[in-house]
Amino acid sequence: MRSMLLGDTRHLLSCFSGILENVRSDRLLATLLLLQSHGRLPAPEIARRLEVSRRTVSRDVEALSAAGVPVYCERGRNGGVALLEGYRTDVTGMTDEELRALVALGSSADGGALGSSLASASRKLLAALPEARRAGVDRARRRLLVEHQGWRRAPEALPALPALDAALVADERVRLQYATGDAAHATWRTVDPYGLVSKAGTWYLVAAHRGRPKMYRVSRVRAVAATGTPARRPDERDLAEVWTELRERLETPTAEIEVRLLVDPAWAPTLRRVHLAVLAGPWRTEGVDPGGREILVAPFRSLIGARAGLLGYGEAVEVLEPAALREEMADAAARVVAMYTRSSVPESSLRNVLGAD
């Protein structure tokens, strides 16, 4: 009796394949998992969820019963298709491809945040697999690594993440001490969370503040205070929908400025790679000048951003257009030259640098 209540996955699958040559096993597994989750469901509801006819549901119930699953039908107002109370099976209905994807995700190199939980779940899933399937899935785990952290970026400290996750589980409104710049200017605000998003190794809280959805970088949250009151979001949209709206708003080019440059060919690959993330669009090549320098065109998001990004390349990059940016570069370069060609450094500045009394 105990073995029947626990279920034998391999026996169940072999029965499916032997008895049901013309019926899709994934639908039978879906029916079994629905009943395992709900205990009892009306046949029309099962038909609606699986997008099949009631007659098909009846045939599937007979097939499950023939395979040894303790499933039965009850008539009457509160009747339906029912599963014997206490019955459980480890059948998940997942394909080998789905299992490999989950295990690979669990073996990701992200050790913080949810990484340890994913790794633990991955190990448990692997241990629960039948021996015949375990080898291929374990091979995928050892051959595929998902790295969330970008190049030359130190992992962010996320002390507020557990408290934010707890608020989401409780569906609570929370108060955040949040720093838009440096920690000295952190201020308190009350928000209604939609959820957490990890984008390229950076975690964001998506939450409504004064009725407007916004994103908050979790590493800038200095403190979290629970309010004990339910979250009151301005709408019923899910996290994915709100995140898409915020992301598109951030990525939509605004007041962009097209810049034409002459670039030393030795520096051109570095320039393209380093500034790709801050551009409003892709680089464009317009050939080579008589001196061998590449002519590049790129849309920057602002004049100030272009000046700040390009000035550090010195003589390796020359701005051709627009004239306003060329003038800004010349003025900034002149101020830098003047600063470093002064005859002496003020004595007060030396004391500050050297720490003298």
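The values are calculated or read from the model by the stated rules, or taken from the named source; none is laboratory data. The structure presented is a predicted model; accordingly, all values stated were derived computationally and were not measured. We place every Cβ from the backbone using ideal geometry, glycine too, and count neighbours over all the protein chains shown. Side chains are part of the model used for accessible areas, which takes the heavy atoms of the whole protein and leaves out ligands, DNA and RNA. Shrake-Rupley method; radii C 1.70, N 1.55, O 1.52, S 1.80 Å.
Working from label points 7 Å from Cα in the Cα-to-Cβ sense, the residue 245 to residue 297 distance is 3.6 nm. Near residue 257, the amide H atoms lying under 5 Å from its own belong to 300, 301, 302; only residues 5 or more places off or on other chains count, and H is placed 1.01 Å from N. Approximating the spin labels as points 7 Å out from Cα along Cα→Cβ, the residue 72-to-residue 133 distance works out to 3.0 nm. Across region 298-307, coupling constants 3J(HN,Hα) worked out from phi with the 6.51/-1.76/1.60 Karplus curve, θ = phi - 60°, read 8, x, 8, 7, 7, 5, 5, x, 5, 4 Hz, and Gly and Pro carry x. Residues whose amide H falls under 5 Å from that of residue 214, counting only those 5 or more places apart or on a different chain, are 207, 208, 209, with hydrogens built in the peptide plane.
Calculated accessible area for region 197-245 comes out at 55 Å² per residue, all protein chains present (probe 1.4 Å; ligands, DNA, RNA ignored). The label-point distance for residue 333 and residue 199, in a model that sets each label 7 Å from Cα toward Cβ, rounds to 3.5 nm.
Dividing the convex hull volume of the alpha-carbon atoms in region 187-290 by its residue count gives 152 Å³ per residue. Estimated at 0.36 nm per residue, the fully extended path between residue 117 and residue 285 surpasses their Cα-Cα distance by 55.8 nm.
Couplings for region 50-65, taken from phi via the Karplus curve 6.51 cos²θ - 1.76 cosθ + 1.60 with θ = phi - 60°, read 9, 6, 10, 7, 5, 4, 5, 4, 4, 5, 5, 5, 4, 5, 4, 5 Hz in order; Gly and Pro are left as x.
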